[in-house]
Amino acid sequence: MKKNSLLVFFCIVIAPYVWSQTSKPQYPFPQNSIEHGYISEHITHKEAYAAYEKWKQNFVKDCDENEARVINDDAITVSEGIGYGLAITAYAGDKALFDKLLHYYMARLNKHGLMNWIYTACESGDNEKNGATDADLDAIIAIIVASKQWPHEKKYISYAHALVDSLQKHNFVICNNVIVQKPGDDFGGCSCTNPSYFAPGYYRVYAAFKKEHNNNDAAEFWMKAAHDSYITLFKNTHPYTGLVYAWTNSEGGDPENCYYEVSGSGVYNSYQYDACRTPWRIANDYIWWGTAEAKTWTQNIVKFIEAPIYAHKENDGTVWYGAGGIQNVVDNYWHNGLRRYNPEEPTYGHRHTVPFVGSFALAAMSSSQEITNNYMKEFAAVPAERYYESCLQVLYMFLASGNFWNPYAQK
């Protein structure tokens, strides 16, 4: 009886204590620090966490006690949303929800070991829809962060290795000695890529992760991928606005065989709801690593935002347009900064939305505290209700407030 009593005591009292300690993150929210640039003085960690709680309530649904999914406005789950959700919950230190989302991701891998891009509900298995690179990038960074948050969970390291290796093998190609990211594991290449998917700050983390685990060849690949991403990015960047095409090729021109070119409420050569994420991903590289190319690119974007709306004509004959200040940013532009406006179409070119305003605000973090404060104040005032803008609001706010930290800069 005495042994049984002790066993019961252990199960009831000690075991929950052990569970709570192993679930406690090493870097609990908030961290409130950045490596480079100017942190937001208008978006605090409290506001960021409130956005997280709202997002979780509105867009996260359980499948069962082991799985959860992120739903879009049509209650469908796309891998993009799972990638966002994994990143958000890893940085929020929410292990229970992170593990549920991770289980959803891992139960829906394709032949390349990456998640298929779309599922109607909680059905699992390989539906052969193929992967979307941006989703896998976010999922991998989240798993690496989780390996730092909860180091006792060795499965995170093994998952990260498998996914990083699959991404390297299936989602990148060599074009004239330049590593170019494909938009999917079975889609795109030298003739078709998406600049808003480029994540050089993540690549540097993958390199550090591989180097930490004694795979120097892989580390070298990822460092070259980070370097080369700017070669392709700058080829497509407008010299005066800094804007990029939604879809392009490895030489920065018109893409071929990009059958998703009209996604994001625009045509391939417009700056639309895909392209608007580019400043977020490039600002992330600067904030984490202080990358000179990232600073140059984001500061060019700020010049566009600050410039008056009217036409500007350069000595070389180039005509371009400014945004007229962060308060006047809209949700579609042509490459030269002209608003992509259709008076008969209310879904783009009219609105002042989080995906555009927030991403531009992150670009400002490389410029000055004054500009950062001005842009962040405007970003904080823009509401987010729908799936896409709500996901990005949380991610942007985490980065702006110093709570989307570099997993290889933590002490």
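Derived scalar couplings between HN and Hα for region 146-152 equal 4, 5, 8, 5, 10, x, 6 Hz in order, rounded to whole Hz, by the Karplus curve 6.51 cos²θ - 1.76 cosθ + 1.60 (θ = phi - 60°), x for Gly and Pro. Think of each Lys and Arg Cβ as +1 and each Asp and Glu Cβ as -1; about the Cα centre, that makes the dipole of region 170-277 roughly 340 debye. Shape call for region 36-98 from the C-alpha gyration tensor, a ≥ b ≥ c root eigenvalues: rounded (a/c under 1.5), prolate (a/b greater than b/c) or oblate? Prolate, since a/c reaches 1.5 and a/b exceeds b/c.
Spacing of the modelled spin labels on residue 24 and residue 162, each 7 Å from Cα toward Cβ, amounts to 3.1 nm.
Checking the cross-link filter: which lysines have an alpha carbon closer than 25 Å to that of residue 54, excluding same-chain neighbours under 8 positions apart? Cα-Cα hits under 25 Å: 24, 46, 95, 100, 377.
Taking every alpha-carbon pair under 8 Å whose residues sit at least 6 apart, region 38-400 reaches a relative contact order of 16 percent. Taking a straight line from the alpha carbon of residue 155, these aspartates and glutamates sit under 19 Å away, with near neighbours fewer than eight places off in the same chain left out: 67, 94, 99, 136, 138, 165, 212. The 3J(HN,Hα) values that the Karplus relation (6.51, -1.76, 1.60; θ = phi - 60°) gives for region 331-341 are, in residue order, 9, 5, 9, 7, 4, 8, x, 5, 4, 8, 10 Hz. Gly and Pro appear as x. Of 52, 321, 333, the sequence from fewest to most neighbouring Cβ atoms within 10 angstrom is 321, 52, 333. The local environment of residue 321, defined by Cβ-Cβ distances under 14 Å, has a net charge of +2 under the rule Lys, Arg +1 and Asp, Glu -1. Remark: region 187-339 carries a charge dipole of roughly 360 debye about the Cα centre, counting +1 on each Lys and Arg Cβ and -1 on each Asp and Glu Cβ. A Gaussian network model of the chain, with springs between Cα atoms under 10 Å, assigns the largest mean-square fluctuation among 223, 376, 397 to 223. Kirkwood hydrodynamic radius computed over region 38-400 comes to 20.5 Å, based on all pairs of distinct alpha carbons. The residue among 89, 77, 57 whose Cα reaches farthest toward the positive pole of the charge dipole of region 37-104, with charges on the beta-carbon of Lys, Arg, Asp and Glu, is 89. Rounded to the nearest 20, the size of the Cβ-charge dipole of region 38-400 about its Cα centre is 660 debye, with Lys and Arg at +1 and Asp and Glu at -1. The residue list 145, 369, 283 was ranked by how far each Cα lies along the charge dipole of the chain toward its positive end, using unit charges on Cβ atoms, and 145 comes out on top.
The 3J(HN,Hα) values that the Karplus relation (6.51, -1.76, 1.60; θ = phi - 60°) gives for region 241-246 are, in residue order, 9, x, 6, 10, 5, 5 Hz. Gly and Pro appear as x.
Taking amide H as placed 1.01 Å from N in the peptide plane, residue 335 has its amide H under 5 Å from the amide H of 271, each at least 5 places away in sequence or on another chain. Entry note, the chain: the mean residue ellipticity at 222 nm calculated from DSSP H runs of n ≥ 4, each adding -39500 (n - 2.57), is -14500 deg cm²/dmol after division by the residues and rounding to the nearest 500.
Look at the alpha carbon pairs under 8 Å that are at least 6 residues apart: their mean separation over the length of region 196-323 gives a relative contact order of 23 percent.
What residues from region 151-168 fall in the zone where the backbone N is under 12 Å from a label point 7 Å along the Cα-to-C-beta line of residue 64? None, by backbone N distance to the label point. Simple rule: put +1 on each Lys or Arg Cβ and -1 on each Asp or Glu Cβ in the chain, find the dipole, and look at 243, 162, 132; the Cα lying farthest toward the positive end is 162. Of the residues 117, 289, the one with the fewest other Cβ atoms within 10 Å heads the list, and the complete ranking is 289, 117.
Just so you know, all these numbers are worked out from the coordinates, no wet-lab data involved. Note that this is a predicted model, so its numbers are computed, not measured. All Cβ positions, even for glycine, are placed from backbone atoms using ideal geometry, and neighbour counts span all protein chains on display.
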